Amino acid sequence: MFKTKKIKQLEEDICFWKQKTDELEKEILSISEKNKELEKQISQKDDEIMNLQHVNKENEIMKRYYKLDEDPSPEVQAKVLADLRIHNIEYENLLNKIEECKRVMQIARTNFPIYPL
C-alpha cells in the first residue's frame, strides 16, 4: 500500500507524541514516588512531634508537683501518679485516633486514587 506524505507525516507525529506521553508518564511516576516518600517523612516528623509534646506534658506535670529541694509528700506522689496515668491514657487515645485516620486515608486512596494533573 502506497502512503502519501501526509500519512507519513501523521505517523511520525503520532510516534513523537507517543514518546512525549511516555516521558511524561515516567515523570509523573517519579513525582508520585517522591510525594509518597515526602508524605512518609512528614508522618515520621509528626510522630516525633507527638512524642516531644508527650514528654513536655509529662515534664510540666512533674514540675507542677515536685520541688527540687525537698521530697514530695505521699499525697503529692499519689496526685502525680494519677495525673501521669490520665495523661498517658489521653495520649494513647490520641495515637489510636491518628492510626485510625491513617488507615481510613489509605483505604480512601486505594478506593479513590488521586491522579496528578
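The values are calculated or read from the model by the stated rules, or taken from the named source; none is laboratory data. The structure displayed is predicted, hence computed values, not measured ones. Methodologically, a virtual Cβ is constructed for each residue, glycine included, from the backbone with ideal geometry; neighbour enumeration extends over all protein chains shown.
Being more than 27 Å from the chain's Cα centre (by Cα) and touching a residue at least 12 places away in the same chain (Cβ under 8 Å), is that true of even one residue in the range 84-91?
Within the range 84-91, one or more residues are more than 27 Å from the chain's Cα centre (by Cα) and touching a residue at least 12 places away in the same chain (Cβ under 8 Å).
Cβ-Cβ below 8 Å, separation at least six or inter-chain, first residue in the range 40-60 and within 13 Å of residue 95 (Cα to Cα), second part of a helix (DSSP H, G or I) and among the basic types (Lys, Arg): which pairs?
If the second residue must be part of a helix (DSSP H, G or I) and among the basic types (Lys, Arg), the pairs left are 43/102.
Can you find a residue that is modelled with pLDDT under 90, over 25 Å from residue 31 (Cβ atoms) and outside any helix (DSSP H, G or I) anywhere in the range 75-91?
no
Among the listed residues 12, 27, which satisfies the condition of being part of a helix (DSSP H, G or I), more than 17 Å from the chain's Cα centre (by Cα) and either of a type in the set (Ser, Thr, Tyr) or exposed (fewer than 11 other Cβ atoms within 10 Å of the Cβ) (or both)? I'd like the intermediate steps shown before the answer.
Working: 27 fails: either of a type in the set (Ser, Thr, Tyr) or exposed (fewer than 11 other Cβ atoms within 10 Å of the Cβ) (or both).
Exactly one of 12, 27 is part of a helix (DSSP H, G or I), more than 17 Å from the chain's Cα centre (by Cα) and either of a type in the set (Ser, Thr, Tyr) or exposed (fewer than 11 other Cβ atoms within 10 Å of the Cβ) (or both), namely 12.
Can you find even one residue in the range 54-67 that is in a helix (DSSP H, G or I), surrounded by 10 or more Cβ atoms within 10 Å (Cβ to Cβ) and either in contact with a Cys (Cβ under 7 Å, 6 or more places away or on another chain) or among the polar types (S, T, N, Q) (or both)?
Yes, the conditions are met somewhere in the range 54-67.
Residue by residue through the range 96-117, note down the ones that are touching a helix residue (DSSP H, G or I) at 6+ places or on another chain (Cβ under 9 Å) and modelled with pLDDT of 70 or more.
98, 102 - these are the residues of the range 96-117 that are touching a helix residue (DSSP H, G or I) at 6+ places or on another chain (Cβ under 9 Å) and modelled with pLDDT of 70 or more.
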